[in-house]
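*Asks:* My questions all concern the structure below.
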Amino acid sequence: MKFMLWCAIGDSFTYLNDHLDETGFRVSKGYLTRIQEKVPGFILNNIGINGSTFQDWITQPIPEADLYTILLGTNDKL
């Protein structure tokens, strides 16, 4: 199986996938883990930042990857 690099960009929903203890273990699996279970073959690089907004990502360095997913906006204010 050929593996692909997956870079997950996002706010707390993304960040908390790898920090379940910060939810008080109210969440047993994050959405990134659930996707990996359904679609094998990806090496995940989760660069989510807890509490981040779109503005925080404008100057953030983004690593090389084969696939990028972005989940942002849950903390943004209009």
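The values are calculated or read from the model by the stated rules, or taken from the named source; none is laboratory data. Remember, it's a predicted structure, so these values are computed and weren't measured experimentally. Methodologically, a virtual Cβ is constructed for each residue, glycine included, from the backbone with ideal geometry; neighbour enumeration extends over all protein chains shown. Note: accessible area is taken over every heavy atom of the protein model, side chains too, but ligands, DNA and RNA are not part of it. Shrake-Rupley method; radii C 1.70, N 1.55, O 1.52, S 1.80 Å.
*Asks:* Can you tell me which residue among 14, 33, 23, 59 is closer than 15 Å to residue 73 by Cβ and either polar (S, T, N, Q) or at pLDDT below 95 (or both)?
*Replies:* 14
*Asks:* So, of the residues in segment 62-74 that are open to solvent by less than 60 Å² (accessible area, probe 1.4 Å) and at pLDDT below 95, which turns out to be nearest to residue 8 (Cα to Cα)?
*Replies:* For segment 62-74, the residue satisfying everything is 72.
*Asks:* Here is a follow-up. List pairs: first in segment 33-54 and within 15 Å of residue 18 (Cβ to Cβ) and in contact (Cβ under 8 Å) with a residue 40 or more places away in the chain, second assigned to a loop (DSSP other than H, G, I, E, B) and open to solvent by 70 Å² or more (accessible area, probe 1.4 Å), Cβ under 6 Å, 6+ apart or cross-chain?
*Replies:* 43/3
*Asks:* Consider residue 58 carefully, then state whether it is open to solvent by 60 Å² or more (accessible area, probe 1.4 Å) and without any contact (Cβ under 8 Å) to a residue 40 or more places away in the chain.
*Replies:* Yes: the conditions hold for residue 58.
*Asks:* Let me ask something additional. Could you list, in sequence order, the residues of segment 19-48 that are assigned to a loop (DSSP other than H, G, I, E, B), under 19 Å from residue 5 (Cα atoms) and open to solvent by 40 Å² or more (accessible area, probe 1.4 Å)?
*Replies:* Listed by number, the residues that qualify are 39, 40.
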